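*Asks:* Right, I'll just put the structure down here and ask away after.
The values are calculated or read from the model by the stated rules, or taken from the named source; none is laboratory data. Given the structure is predicted, the values throughout are model-derived calculations rather than measurements. Methodologically, a virtual Cβ is constructed for each residue, glycine included, from the backbone with ideal geometry; neighbour enumeration extends over all protein chains shown. These accessible areas exclude ligands, DNA and RNA; they are computed on the full protein's heavy atoms, side chains included. Shrake-Rupley method; radii C 1.70, N 1.55, O 1.52, S 1.80 Å.
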Amino acid sequence: MGNDFFKAPFLHAYITMVTPNEEEMTYIHEKISSELELGIIKEETRKGILRIIQHLKDAEGIDGIVIGCTELPFAFQGV
């Protein structure tokens, strides 16, 4: 999430990018590798990801999110 190659296309389009903090990135990575990649979808994980999104909305005023991992949408299937 922090690498420039993720941000570059947005910056070229004059879109400011923000990323979760280190603790939030660790949480997301852990949930992807220990649950979502294995097809495990927990309501607790869904809520945790939504809390991170809400934190970014409150703290950074984000207008949208980029789901830049193929497994993350699994957390929101059927919602």
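*Asks:* Check each of the trypsin sites (Lys or Arg not before Pro) in the chain and keep only those in coil by DSSP with at most 13 other C-beta atoms within 10 angstrom; list them in order.
*Replies:* Lys42
*Asks:* Kindly report the accessible area of region 28-79 per residue (heavy atoms of protein chains, probe 1.4 Å, no ligands, DNA or RNA), in Å².
*Replies:* Result: 68 Å² of accessible area for each residue.
*Asks:* Semi-axes of region 14-79's equivalent ellipsoid from the Cα gyration tensor, sqrt of 5 times each eigenvalue, largest first, rounded to whole Å? Walk me through the numbers before you get to the answer.
*Replies:* Details: eigenvalues 88, 29, 27 Å².
Here the semi-axes work out to 21, 12, 12 Å.
*Asks:* Evaluate the distance, in nm, between pseudo-label points positioned 7 Å from the Cα of Glu37 and of Glu22 along their respective Cα→Cβ axes.
*Replies:* Distance between label points: 2.2 nm.
*Asks:* Once you place label points 7 Å from the Cα toward the Cβ at Ile67 and Phe5, how far apart are they in nm?
*Replies:* Using points 7 Å along Cα→Cβ, the separation is 2.4 nm.
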